[in-house]
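Encoded as structure tokens, the structure appears first; notes follow it.
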Amino acid sequence: MKVIRNPKKCQNLLTSKRSRLSIGFVPTMGALHAGHISLVEKSVKENDFTVVSIFVNPTQFGPNEDFSRYPRTLKADLALLEKAKADLVFVPDAKSMYSNEEGLSVKVGKVAENLCGAFRPGHFDGVATIVAKLFNIILPHTAYFGAKDYQQTVVIKQLVQDLYFPIKIKVEKTVRETDGLAMSSRNRYLSFEERKRALSLIHSLRWMESEIKKGKTHLKKVKAKGLEILKRSVDSVDYLEIVDPETLVPLQKSQKKMVAAIACSIGKTRLIDNLTILQ
Ligand code: AMP
């Protein structure tokens with residue numbers, strides 16, 4: 001497994017491989033867990049050559065967010081990636097990815113307006129900008145993202161469509177702990193007691209799912225009860241919504257496919273989770 005830090009070097013190496021080998025790509029911010037590794041394994045299975053990037057992207061963090069304390073565990077990450085049979089790990093530094101402070105960036109439209117976009121201004125512009133840069137450096141045939149960050153997958157699909165990246169986007173299901181908690185690099189911030197309270201995200205989502213599957217079509221009531229369940233355990237709620245899977249517009253009435261999504265805080269830790277609900 002090769003580790004490259006320099007963007008140009010990475011681009012040159014991959015340019016020499018692209019015509020011969022199918023390239024799969026998994027962008028990450030490191031502090032890897034089984035959720036990330038499931039994406040890597042999928043890419044290894046489906047491609048000749050798998051590239052993983054590790055970069056804690058400063059432009060997707062707000063001024064009062066956790067950029068400086070975000071876990072950085074490069075040595076352990078590389079060991080996990082070696083075991084998962086990744087071929088190349090791209091680990092750039094902020095200077096090389098943002099060499100020009102006043103440089104170009106991507107501005108995301110409507111899909112970044114609600115859910116996390118409403119609570120993290122500029123977050124998805126930062127995500128789209130770094131992913132566009134990484135796509136141009138790596139130019140994979142296929143890139144893998146987790147459904148855990150649902151709004152992000154919608155933003156990335158839009159990015160690929162609107163900027164004509166010749167890249168297939170695959171979204172893989174959320175990997176959970178055995179008790180249902182969605183795996184996240186931020187889970188390591190949680191104390192023992194907070195970790196127990198964090199289960200209320202999946203409990204609330206699953207409760208809403210079962211109500212809808214029982215035939216409840218009036219989503220306002222379903223959301224109100226879901227919120228009640230959530231609020232019993234968490235410290236603050238950014239949103240609890242049931243939205244259209246493509247437009248992310250909040251729904252009043254149930255439809256064939258919906259996404260229930262939550263963002264909330266427990267202590268100082270902001271957690272998100274979602275479930276796709278099929279009726
Ligand atoms: P991050 O390092 O948090 O930026 O995540 C990198 C990629 O891993 C993103 O596509 C995430 O959606 C994905 N990911 C994070 N957590 C999980 C999980 N529990 N299951 C599946 N994919 C995940």
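Derivation of every value follows stated rules applied to the coordinates shown; laboratory data play no part. Nothing here was measured: the structure is a model prediction, and the numbers come from that model. Here Cβ is always computed from backbone atoms with ideal geometry, including for glycine, and neighbour counts include all displayed protein chains.
Values computed for the structure shown
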quantity: Matching residues in segment 91-106 - criterion: being among the small types (Gly, Ala, Ser) and closer than 20 Å to LEU163 by Cβ; calculated: GLY103, SER105
quantity: Residue match in segment 60-75 (condition: touching a residue at least 12 places away in the same chain (Cβ under 8 Å), of a type in the set (Phe, Trp, Tyr) and within 16 Å of the ligand (Cβ to nearest atom)); calculated: yes
quantity: Segment 103-127 - residue that is within 13 Å of the ligand (Cβ to nearest atom) and buried (at least 24 other Cβ atoms within 10 Å of the Cβ) and, of those, nearest to LEU88 (Cα to Cα); calculated: VAL127
quantity: Failed item, numbered, when LEU14 is tested on (1) away from the ligand (no atom under 11 Å from the Cβ); (2) within 23 Å of the chain's Cα centre (by Cα); (3) crowded, with 21+ Cβ neighbours inside 10 Å; calculated: (2)
quantity: Selected residue [farther than 19 Å from GLY30 by Cα and of a type in the set (D, E, K, R)] from LYS221, LYS173, LYS148; calculated: LYS221
quantity: Pairs where the first residue, in segment 19-37, is farther than 25 Å from ASP93 by Cβ and the second is more than 7 Å from the ligand (Cβ to nearest atom), C-beta under 6 Å, 6+ apart; calculated: LEU21/ASP48; LEU21/PHE49; SER22/ASN47; SER22/ASP48; SER22/HIS141
quantity: Those helices (runs of 4 or more DSSP H) lying entirely in segment 42-124 with at least 2 residues closer than 20 Å to GLY146 by Cβ; calculated: 74-83, 116-119
quantity: Selection count where residues are part of a strand (DSSP E or B) and closer than 15 Å to VAL222 by Cβ, scope segment 240-273; calculated: 11
quantity: Of all residues making up segment 188-217, the number that are touching a strand residue (DSSP E or B) at 6+ places or on another chain (Cβ under 7 Å), without any contact (Cβ under 8 Å) to a residue 60 or more places away in the chain and not small (Gly, Ala, Ser); calculated: 1
quantity: Test result for LEU134, closer than 23 Å to GLU46 by Cβ, within 15 Å of the ligand (Cβ to nearest atom) and buried (at least 22 other Cβ atoms within 10 Å of the Cβ); calculated: yes
quantity: Check on LYS196, within 16 Å of the chain's Cα centre (by Cα) and of a type outside the set (Ser, Thr, Tyr); calculated: no
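Residues are listed down the side, and each one gets a yes or a no for (1) within 12 Å of the ligand (Cβ to nearest atom); (2) β-branched (Val, Ile, Thr); (3) closer than 19 Å to MET258 by Cα:
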residue	(1), (2), (3)
THR142	no, yes, no
LEU159	no, no, no
ILE167	no, yes, no
THR174	yes, yes, yes
TYR189	no, no, no
SER200	no, no, no
